1. Any idea which residue in the range 498-513 is nearest to the chain's Cα centre (by Cα), counting only those that are more than 21 Å from residue 479 (Cβ to Cβ) and part of a loop (DSSP other than H, G, I, E, B)?
2. Right, residue 361: farther than 29 Å from residue 438 by Cα, within 26 Å of the chain's Cα centre (by Cα) and modelled with pLDDT of 90 or more or not?
3. So, in the range 522-535, of the ones that are in a helix (DSSP H, G or I) and touching a strand residue (DSSP E or B) at 6+ places or on another chain (Cβ under 6 Å), which residue ends up nearest to residue 493 (Cα to Cα)?
4. All but one of (1) in contact (Cβ under 8 Å) with a residue 40 or more places away in the chain; (2) exposed (fewer than 15 other Cβ atoms within 10 Å of the Cβ); (3) farther than 27 Å from residue 113 by Cα hold for residue 216; state the number of the condition that does not hold.
5. Report the residue count in the range 356-379 for those that are in a helix (DSSP H, G or I) and either in contact with a helix residue (DSSP H, G or I) (Cβ under 9 Å, 6 or more places away or on another chain) or more than 19 Å from residue 302 (Cα to Cα) (or both).
6. Going through 270, 216 one at a time, which residue ends up being farther than 30 Å from residue 157 by Cβ and assigned to a helix (DSSP H, G or I)?
7. Quick check on my filter: what residues within the range 501-515 are farther than 24 Å from residue 358 by Cβ, touching a helix residue (DSSP H, G or I) at 6+ places or on another chain (Cβ under 8 Å) and surrounded by fewer than 21 Cβ atoms within 10 Å (Cβ to Cβ)?
8. Would it be correct to say that residue 306 is touching a helix residue (DSSP H, G or I) at 6+ places or on another chain (Cβ under 8 Å), in contact (Cβ under 8 Å) with a residue 60 or more places away in the chain and assigned to a loop (DSSP other than H, G, I, E, B)?
């Protein structure tokens, strides 16, 4: 203003002051509104998005989790890291988004009103910044995808290592896995370096162009002033207005690197949200809920795991188990025994043929209802960092299970007396994965968990294989009690534990080659006889 000519009217000075004031007010209001919006809804949005993603993932069948891209580490990356990235960028950029769009438009409009030629020259910086940043975003998105992929690999490896730390320490593998993890991080470090080089180059280009533009405005401004096309005061007003708008616009385009991160994170989040349930929807409300008696029938069932479609697991398997029967599956490793149990629970769908529960195809039964009727106990029971009571009853409605029922199940599983010997009884925290319990104690709690559900079918997958002889006797007694009220199908390597079952089926290469009682198969002197002799 001090360099304005004497004849400059006061109202022009007032207009300039008013424009600057209006722009600052717009900036302040929208920044305040943006921060208020984030404070009220931003964190809730992130939590809601994570919950929706988690529920969506829980709907998938087991085939989904068999894929390498859906390992625990990679899924956690999408649920926690990618959603957090989106939330942080939204927090840091939303408050400047609207001012960064509106203020440059107002500034350019005011500058064009004063002198359109000089305003047009000064406005070349806007498209230049935009083009530079668009190029950076395209390259940055590629690099960001590469970095996310390498981060996923590192996270997955770390998850596996930390989950098996006992084995690693037992075999002195700490240095080995440190080396493996360090090698996994090297491609990530290279990708980050390339990203930094690109960002530095873009930064240099942007600021070089800014100084070149300043030189051009001075050169052409001087000529326009000599030709009386613009006054010194108008020149200064145009330059200051466009620079004011450029500052806001540069904040917007400077967010391009963050937009690259947000774009990759959004792609990962949307891939989870848009993906249909693999195999079938495990949380669907559809399907029948018939009263089941426990008859199981396999009719010409063939099965291949979706991740290994060329490897046949079951080959036209035919098997019938009457309600209330106890049946054992035996055979060499890889013969398909565990796969039979997975198909009964409909953890996977059969490739061909039918799996029937009573007269109903398991595909027609509601998945959640089927798994309430069919309960399994595995070799390595999964316990959570809850109390013993919660581990026995989790997943059940309070109306379905009472403390009396929990204790009754624990008594049948021969674990009640041990639980009552603990200071806090059933309210004792058992630690992560049941770390504070022995193998036999964990197994009996898992059996109690199965019994309290009053299953129609009980599946036992080598439930005593990892136990010592003392624990095995206690668990075996618990299993014998549990089998009295339901159909029971069990897998056992210790053949001595299945002599009393109603029927033994010998499975080889996905097909039954022998079946009958223990005595009948011994008299037959076939494969089962040979297995008992070598045991």
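The values are calculated or read from the model by the stated rules, or taken from the named source; none is laboratory data. Here the structure is a predicted model, which means the values were calculated and not measured. Every residue, glycine among them, receives a Cβ derived from its backbone with ideal geometry; neighbour counts consider all protein chains shown.
1. Among them, the one singled out is 510.
2. On the way: farther than 29 Å from residue 438 by Cα: yes; within 26 Å of the chain's Cα centre (by Cα): no; modelled with pLDDT of 90 or more: yes.
No, not satisfied.
3. Taking the range 522-535 and keeping what is in a helix (DSSP H, G or I), we get 522-524, 527-534.
Remaining after also requiring touching a strand residue (DSSP E or B) at 6+ places or on another chain (Cβ under 6 Å): 527-528.
On the way: 527: 14, 528: 12 Å.
Top of the filtered list is 528.
4. The number of the failed condition is (3).
5. Filtering the range 356-379 for residues in a helix (DSSP H, G or I) gives 362-364, 367-373.
Restricting the remaining residues to those that are either in contact with a helix residue (DSSP H, G or I) (Cβ under 9 Å, 6 or more places away or on another chain) or more than 19 Å from residue 302 (Cα to Cα) (or both) gives 362, 367-373.
The number of residues fulfilling the criteria is 8.
6. Details: 270 fails: farther than 30 Å from residue 157 by Cβ.
Just a single option satisfies the conditions, and that option is 216.
7. Matches in the range 501-515: 508, 513, 514.
8. Details: touching a helix residue (DSSP H, G or I) at 6+ places or on another chain (Cβ under 8 Å): yes; in contact (Cβ under 8 Å) with a residue 60 or more places away in the chain: yes; assigned to a loop (DSSP other than H, G, I, E, B): yes.
The answer is yes for residue 306.
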